[in-house]
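Chemist: Sharing a structure, written as structure tokens. Questions coming.
The values are calculated or read from the model by the stated rules, or taken from the named source; none is laboratory data. Small disclaimer: the values here were computed from a predicted structure and weren't measured. Virtual Cβ from ideal backbone geometry, glycine too; neighbours counted across all protein chains shown.
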Amino acid sequence: MMKVLSHYFFATIIVILFCSFSFADSANLPTAKVQVGGNVFSLLVAKTSAQQQKGLGGYKTIPQDGMIFIFARPQTLVFYMKDMLFPIDIIWIANNKVVGFSLNVPVEKNVAVKDLKLYYSPALCDTVIELAAGSVKKLNIKAGDIVKTGL
């Protein structure tokens with residue numbers, strides 16, 4: 001059953017993978033080396049609201065190793081797959097520790113925005129990492145793993 005969401009709810013959604021995002025735009029995003037458990041990734045950094053709204057939407061393949069979303073304070077975060085062309089794993093992070101996952105999040109082609117599935121953080125989070133689908137399992141990333149940025 002689809003619930004009708006109020007304008008207020010949409011205003012509280014912190015991150016929406018929204019708008020088309022061209023490859024040229026990735027040149028404008030900084031990259032960062034980030035360690036999750038024993039794995040080191042080169043990730044595009046989305047810090048501003050505009051960058052977070054665009055996210056990885058419109059990319060034909062995942063750039064670098066993925067994207068990291070950094071927020072000023074812990075909060076409930078909500079993502080969806082608008083304009084996404086490949087499936088992803090979402091890693092939810094709070095205080096530099098992995099607190100949960102949304103795994104193998106599928107592409108939703110030809111689905112109206114109002115009908116897209118919403119993915120909620122399992123706790124208040126201040127960071128999110130998106131990797132290619134299957135990466136979390138393949139790399140044995142676990143809840144509780146420490147996340148180090150600025151390597």
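Chemist: Search region 86-111 for residues that are in contact (Cβ under 8 Å) with a residue 12 or more places away in the chain and pair each with any residue that is in a loop (DSSP other than H, G, I, E, B) and of a type in the set (V, I, T) when their beta-carbon atoms are under 8 Å apart and the residues are at least 6 apart or on different chains.
Modeler: What qualifies is F86/T61; F86/I62; F86/V107; P87/V107; I88/I62; I91/I141; V98/I141; F101/I141.
Chemist: For region 65-85: of the residues being of a type in the set (A, V, I, L, M, F, W, C) and touching a Ser or Thr at 6+ places or on another chain (Cβ under 6 Å), which is surrounded by the fewest Cβ atoms within 10 Å (Cβ to Cβ)?
Modeler: It comes out as I70.
Chemist: May I ask you to list the residues in region 87-141 that are polar (S, T, N, Q) and either touching a strand residue (DSSP E or B) at 6+ places or on another chain (Cβ under 8 Å) or in a strand (DSSP E or B) (or both)?
Modeler: N95, N96, S102, N104, S121, T127, S135
Matching residues to (1) closer than 21 Å to T127 by Cβ; (2) under 12 Å from the mean Cα position of the chain (by Cα); (3) among the hydrophobic types (A, V, I, L, M, F, W, C); (4) at pLDDT 90 or above:
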residue: A50; (1), (2), (3), (4): yes, no, yes, no
residue: L56; (1), (2), (3), (4): yes, yes, yes, yes
residue: M81; (1), (2), (3), (4): yes, yes, yes, yes
residue: G100; (1), (2), (3), (4): yes, no, no, yes
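Chemist: Filter region 62-86 down to residues that are part of a loop (DSSP other than H, G, I, E, B) and more than 15 Å from L43 (Cβ to Cβ), then give me how many there are.
Modeler: Adding up the residues that qualify gives 9.
Chemist: Separate question: Can you name the residue in region 102-151 that is at pLDDT 95 or above and of a type in the set (S, T, N, Q) and, of all such residues, is farthest from V40 (Cα to Cα)?
Modeler: The qualifying residue farthest from V40 (Cα to Cα) is S121.
Chemist: For region 78-94, how many residues meet the condition of being over 14 Å from V36 (Cβ atoms) and not charged (D, E, K, R)? Full working, then the answer.
Modeler: Looking only at region 78-94, we keep the residues that are over 14 Å from V36 (Cβ atoms), and these are 78-88.
Pick out the ones that are also not charged (D, E, K, R) and you get 78-81, 84-88.
Residues meeting the conditions: 9.
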